[in-house]
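Visitor: The structure follows.
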Amino acid sequence: MVVNKKRIVLSNKIYPLFAGLSGDLIFYIAINTLFLTEIKHLSALEISSLTTISIFVMLVLNPLVIKIINKVGALNSVKIGVLLLFLGAFLITIGNNYFIILIGSIFYEAYAYFKYMDAVILRKNLAFLKEEDKFIEIQNKYTLIYAIVTMFTAFISGFLFNLNPYLPMIGCLIFCLINIFLVNFLYEVKTPNNKTIKKENGKFKITKLILLIFIVFAICYAIIDLGQNNSKLFIQYKLTGFLPLETVSIYLTIVISISRIVRVAANYFFITIRYVVNFGGQ
């Protein structure tokens, strides 16, 4: 088995940028509720149902998705993921009815299942180079890049939306195309007779504590995930009651941008603290 070490090193360097830019639909995540209500004329119930139905569909298809990932490998799975992200953004952009936008939303939900195999690629590459200890460091770089990019795009999304409501979506599609380009620089170390997602043969004992942690995490994650869009919708409807749409779009994206500033600061301090903990005492 021939392994291209230079490709591995390049892949590890590209990974934080690629993962940061493909972590979500850049631009869209800042103006999604505005775009869907004001341009696509969807109701609050229809917007909430997009996420609910998409998640349910992917839960049903999860066994099939795992089979596909194990069949095509991690790298091809990531390529499928970024393609699904582009298709999802494209259908949401051009969709003129709820059904088309729902298909786009399902693609958007499905992309994460495939795209996040990039972390598996990184782990394999670092294991080959015997640099497993760099995994968290590289992941931190990715989350910092994602936070910075989404902070800036969130801030300008409102202004772009006021110029033309489709401008943020065009920016979103451009980022998707950049991801499709960058994914070609990733490289996966091939391991013979090794599935990407392994099924453990050993027994796993579920204690009361583990079950409690799982339940709490599931509830909290669902509340946060669904609450993000719902809270944005609530703020949007309250503001549109006494402000023009142009002003609402600016205020809404400023609020989102501020939340991203906090995220950037948190990522930066986490990296700094981790560095001090790891190397400060040496």
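The values are calculated or read from the model by the stated rules, or taken from the named source; none is laboratory data. Because the structure is predicted, anything quoted here is derived from the model rather than measured. Positions of Cβ are backbone-derived with ideal geometry, glycine not excepted, and every protein chain shown enters the neighbour counts. Heavy atoms of the whole protein, side chains included, go into the accessibility calculation; ligands, DNA and RNA do not. Shrake-Rupley method; radii C 1.70, N 1.55, O 1.52, S 1.80 Å.
Visitor: What's the total number of residues in segment 9-39 that are touching an Asp or Glu at 6+ places or on another chain (Cβ under 9 Å) and surrounded by fewer than 21 Cβ atoms within 10 Å (Cβ to Cβ)?
Guide: Residues flagged as touching an Asp or Glu at 6+ places or on another chain (Cβ under 9 Å) and surrounded by fewer than 21 Cβ atoms within 10 Å (Cβ to Cβ) within segment 9-39 amount to 1.
Visitor: Further question: Which of the residues spanning segment 96-145 are open to solvent by 60 Å² or more (accessible area, probe 1.4 Å) and farther than 30 Å from residue 40 by Cβ?
Guide: Once the filter is applied, which keeps residues that are open to solvent by 60 Å² or more (accessible area, probe 1.4 Å) and farther than 30 Å from residue 40 by Cβ, segment 96-145 yields 123, 128, 130, 132, 133, 134, 136, 137, 141.
Visitor: Then there is this: Can you go through 57, 120, 82 and tell me which one is modelled with pLDDT of 95 or more and in a helix (DSSP H, G or I)?
Guide: Within the list 57, 120, 82, the selection yields 82.
Visitor: While we're looking at this one, here's another question. From the set of residues in segment 22-45 that are assigned to a helix (DSSP H, G or I) and out of contact with any helix residue (DSSP H, G or I) (no Cβ under 6 Å at 6 or more places or on another chain), which is nearest to residue 140 (Cα to Cα)?
Guide: It comes out as 29.
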